[in-house]
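Could you have a look at this structure, given as structure tokens, before my questions?
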Amino acid sequence: MLTYTTYSEAGGVGKTTLAANLAVAHADNGHKVLIIDMDQQDGSLSHLLGVDADRHDPDADTIVHHMIDRPRGDFDDLIKTSEGVDIIPSHDALESLGDWLDKAADFEEAAAGEDYEYPRFEQLRRVLADNDVPNQYDVIIVDPPATAGPHLYNGIDATRSLVIPMELSGKGKQSIQGLESVVDGLEDSLEIAVGVLAVIPNGTKRTTDQETYRKEVEGLGYEVPVILADRTSLMEGCWTQQCSAFKYVEEHRDRKRDYELETLEQIRSLAAQLEAEANLVDEEEEVTAA
Amino acid sequence: MTMKSGAGDDPFADDTSETDPEPEQEPPQEPVGEESATGQKVNDKAASDISDSSPDPSSDTEDSPEKPEIPRIMARSSVKENRDSVLQFFVTEDTAQQEDAFERAVADALEIRTKDLMKLDLREAAYLVAMQHPEETAEILNDWGYEYR
């Protein structure tokens, strides 16, 4: 099973588009993929993939209700599907996640007695485990907001691995160092080991910069499987049409552009490398082997 | 410390019930033994308040930390003496049933027979204990839903 949280401390680095495109690539490779959109902002992955119809419905069941053990319906009914990928969409209730976890903690701790500490950052993993997600899916991706908090902590605990898109700038490097302190703290308090599957330099404009940046990130000790060039037009098209880059190029470009096809190929290659890291076997290979 | 390159733990490797135990839903109960000792202290204080109004026969025993005084339950002619305020309170069946166990536990702590412990004394002492613990009282009320007020 491949599980990861896409994280970037800085916004606007293509985190959400990368998460969506990787998910579609995993699905194209024959894997069953579940994305949990933990970002409460309007321009989140749920919007990108067009599954955010219930976002503002105050009566909707949400992942937050399940995390505080007050579900309003079946877990399976939370799941929407787009481009072959299952998605638990974002909802306004995510804005209250921290408060609700605090309330649940007060309640559970009072009921259980002094020595009990409610594990408020282990609730997403509990919900997934309780609902047999690890057996039903090959890939779980959590897309949290670009701020440290209960959304990110629950995501990291549930996935234990990170994929980090970053802008290749001083800001990007600082963002990695900021994340390191967050992860160190989480590893200590949750007693878990968190790994970085890949750092993905994103939005580079000049190829001459790329090798310099690659060396810098590798110097920090992380894998840099691909460097994604600036594809503003393609990514903006995805948001306008509410679809992945794969679907956008396929359905909304009247003329295929080689450099965009190259970017899609890079994303496929990245998805395959992440799958290999987790020892996921391609469906097709599995069939052949059998 | 830098983050590890590569995959982290398998988040679903271990049984999640281990990392997330269901909190046991026990009815909130006063830890009886310890609290009854406090209750005794409250009673003693109440008793000394009463005997303060009586003439002090032993002004020559200033070295003694405590004045000899007639304990409250010995000094009264009936259990209702000096109990002019009647506070009526309504309880759930569950609470009423727990009172029997509470009474036995307090009697045990006092090393007396349960039938020698007067319910009026028990209840007033328990109420005085509760007054010393407003936070725990609030916790029970929160469990009843006051946190949503």
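No value in this document is a laboratory result; all are computed from the given coordinates. Because the structure is predicted, anything quoted here is derived from the model rather than measured. All Cβ positions, even for glycine, are placed from backbone atoms using ideal geometry, and neighbour counts span all protein chains on display.
Roughly how tilted is helix A:15-28, in degrees to the nearest 10 and between 0 and 90, from the longest Cα axis of chain A?
That helix lies at roughly 80 degrees to the long axis.
What does the average come to when, for each residue of peptide A:160-166, you count the partner chain Cβ atoms lying within 10 Å of its Cβ?
Per-residue shielding by partner chains comes out at 3.
Suppose we take every Cα in chain A and form the convex hull; what volume per residue is that in Å³?
Given the Cα convex hull of chain A, per-residue volume reads 140 Å³.
Taking the Cα atoms of region A:1-89, what is the range of coordinates along each of the three principal axes, in descending order and whole Å?
For region A:1-89, the Cα spread along each principal axis is 33, 31, 22 Å.
A further question on this structure: Short version: what are the Cα gyration tensor semi-axes of region A:29-155, square root of 5 times each eigenvalue, largest first, in whole Å?
For region A:29-155, the ellipsoid semi-axes come out as 25, 16, 13 Å.
Just to verify a number: FRET efficiency for B:Asp116 and A:Asp188, C-beta to C-beta distance, R0 = 56 Å, to 0.05?
0.50
Quick check on chain A: helices-only [θ] at 222 nm, where DSSP H runs of length 4 and up contribute -39,500 (n - 2.57) each and the sum goes over total residues. Nearest 500, please.
Here the helix-only value at 222 nm equals -14500 deg cm²/dmol.
With 30 Å as the limit, write out which pairs from A:Lys80/A:Lys103; A:Lys32/A:Lys256; A:Lys80/B:Lys4 have Cα-Cα distances beyond it, or answer none.
A:Lys80/B:Lys4
Relative to the first principal axis of the alpha-carbon coordinates of chain A, what is the inclination of helix A:97-112, with its axis defined by its Cα atoms, in degrees from 0 to 90 and to the nearest 10?
30
So what's the angle, to the nearest 10 degrees on a 0 to 90 scale, between helix A:207-219 and the longest Cα principal axis of chain A?
Result, in degrees: 40.
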